[in-house]
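The values are calculated or read from the model by the stated rules, or taken from the named source; none is laboratory data. Bear in mind that the values here come from a model prediction, so they are computed numbers and not experimental data. For neighbour counting, all protein chains shown are included, and Cβ atoms are generated from backbone atoms with ideal geometry for every residue, glycine included.
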Ligand code: ADP
Ligand code: MG
């Protein structure tokens, strides 16, 4: 029976040839012994042939995936925290054959301290909350079942490093600081985030910057043909190639402020519809799909974006899975391939006790029922964040990325995830 011939169904083939990448350093450093104790026999009994690869250093998984002969594999699974899957996804999407490569089913077994995607997969399967080794066993069974779903990926642009792809989160402020500062409590496993949260609460900070986003419309969940869907676009300079707009072409969604204040809803100004200019796909030379909703970071926003009036935050968090950690249910209604970024931000001025209540509510998936006046939640398809302070931390899937202006666009169902 030929495998890896480009035909990939929504179920893993049997027998299945799985690359299983285990990070011996993740979490409490127990991934390998957890594999021996729980996973090896489970996979063998389910007829899942797997090749165990122990990662030796950071970016080892990324390099292996970039070079792999994908016709030899039916799935790529990691046993670690979310960080190792981040390497695999980005390894796949920097291959010249990325379009085929990103179709290979990827999977995750929780072996780290940040196991958000594993907890999300368990949640999507309808299971009641479990933690630690129970979560691992659940994910092991789901992996053996071998059902595959499309998974959204979000492309992330920063100023000077290449575009990245993210499956989980983009964070700035409180959440990003806790994630990185708590790495020193890694030996505590998932409890590291609780410890980090308490420490950060004691020295609560305000983060200044500008946030803007492209809201989801009613048809957010249906694929938008961007090429044939001219969006309102504003520009300070009259373009000789763009015909002057007829007044009735002015959108009924008047622009909010753009970052550069170049766009007004007043008809006497240059507010007009235009095709997204070709340079919108600033990264077409690199592998991966074009970002049709984004303009380059140094240009004003497209004018159908909303600009958040507040410029002082305690946190900004974009999520595209249900969980941010094993016991952090940030977006309980999120699904794996809805083409939506769940954007949360907390405005400055929130009290420590109210913020603590938010984090406690998150454990129960009840963030929005707190009715916190400082918490804002909205569904978006793309966003841009421009921090004002010269130093800080931005994380993507829990990994530190270049600090500075950042923007993101969701690509619905771009990857494939083993969800069971
Ligand atoms: P955790 O949830 O514990 O943070 P991750 O999967 O996020 O686990 O892994 C943390 C980091 O460890 C990743 O950035 C990964 O590149 C790196 N890594 C992978 N293998 C090794 C290794 N053998 N030694 C040290 N670091 C490694
Ligand atoms: Mg990590």
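The single condition from (1) touching a residue at least 60 places away in the same chain (Cβ under 8 Å); (2) away from ligand 2 (no atom under 14 Å from the Cβ); (3) surrounded by fewer than 23 Cβ atoms within 10 Å (Cβ to Cβ) that residue 75 fails is (3). Of the residues making up region 134-177, those that are assigned to a loop (DSSP other than H, G, I, E, B) and touching a helix residue (DSSP H, G or I) at 6+ places or on another chain (Cβ under 7 Å) are 167, 168.
The set of residues in region 192-207 that are buried (at least 16 other Cβ atoms within 10 Å of the Cβ) and either away from ligand 1 (no atom under 14 Å from the Cβ) or over 20 Å from the mean Cα position of the chain (by Cα) (or both) comprises 192, 194, 196, 197, 200, 207. Within region 95-114, being within 15 Å of ligand 1 (Cβ to nearest atom) and farther than 20 Å from residue 147 by Cα holds for 111, 112, 113, 114.
Would you mind stating whether residue 120 is within 16 Å of ligand 2 (Cβ to nearest atom), touching a residue at least 60 places away in the same chain (Cβ under 8 Å), out of contact with any helix residue (DSSP H, G or I) (no Cβ under 9 Å at 6 or more places or on another chain) and assigned by TED's automatic domain parsing to the domain that holds residue 36?
On the way: within 16 Å of ligand 2 (Cβ to nearest atom): yes; touching a residue at least 60 places away in the same chain (Cβ under 8 Å): yes; out of contact with any helix residue (DSSP H, G or I) (no Cβ under 9 Å at 6 or more places or on another chain): yes; assigned by TED's automatic domain parsing to the domain that holds residue 36: yes.
Answer is yes for this residue.
On inspection, residue 142 fails the criterion of being closer than 30 Å to residue 364 by Cβ, within 16 Å of ligand 1 (Cβ to nearest atom), in contact (Cβ under 8 Å) with a residue 60 or more places away in the chain and surrounded by 15 or more Cβ atoms within 10 Å (Cβ to Cβ).
Annotation note: of 93, 136, 109, the sole residue that is more than 29 Å from residue 34 (Cα to Cα), crowded, with 20+ Cβ neighbours inside 10 Å, touching a strand residue (DSSP E or B) at 6+ places or on another chain (Cβ under 9 Å) and touching a residue at least 40 places away in the same chain (Cβ under 8 Å) is 93.
Based on what the data block shows, is residue 184 at pLDDT 85 or above, over 20 Å from the mean Cα position of the chain (by Cα) and either at positive phi or assigned to a strand (DSSP E or B) (or both)? No: the conditions fail for residue 184.
Residues are listed down the side, and each one gets a yes or a no for (1) at pLDDT 95 or above; (2) on the phi > 0 side of the Ramachandran plot; (3) within 16 Å of ligand 2 (Cβ to nearest atom); (4) more than 23 Å from the chain's Cα centre (by Cα):
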residue	(1), (2), (3), (4)
23	yes, no, yes, no
26	no, no, yes, no
29	no, yes, yes, yes
36	yes, no, no, yes
42	yes, no, no, yes
46	no, no, no, yes
58	yes, no, yes, no
61	yes, no, yes, no
66	yes, no, no, no
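Restricting attention to region 71-89, the residues being touching a helix residue (DSSP H, G or I) at 6+ places or on another chain (Cβ under 6 Å) and more than 11 Å from ligand 1 (Cβ to nearest atom) number 1. Is there any pair with a first residue in region 12-40 that is away from ligand 1 (no atom under 16 Å from the Cβ) and a second that is in a helix (DSSP H, G or I) whose Cβ atoms are under 8 Å apart and which are 6 or more apart or on different chains, and what are they? Qualifying pairs under 8 Å: 17/72; 18/43; 38/133; 38/136; 38/137; 38/140. If only residues of region 49-62 that are within 26 Å of residue 99 (Cβ to Cβ) and out of contact with any helix residue (DSSP H, G or I) (no Cβ under 6 Å at 6 or more places or on another chain) are counted, the one that is farthest from ligand 1 (Cβ to nearest atom) is 51.
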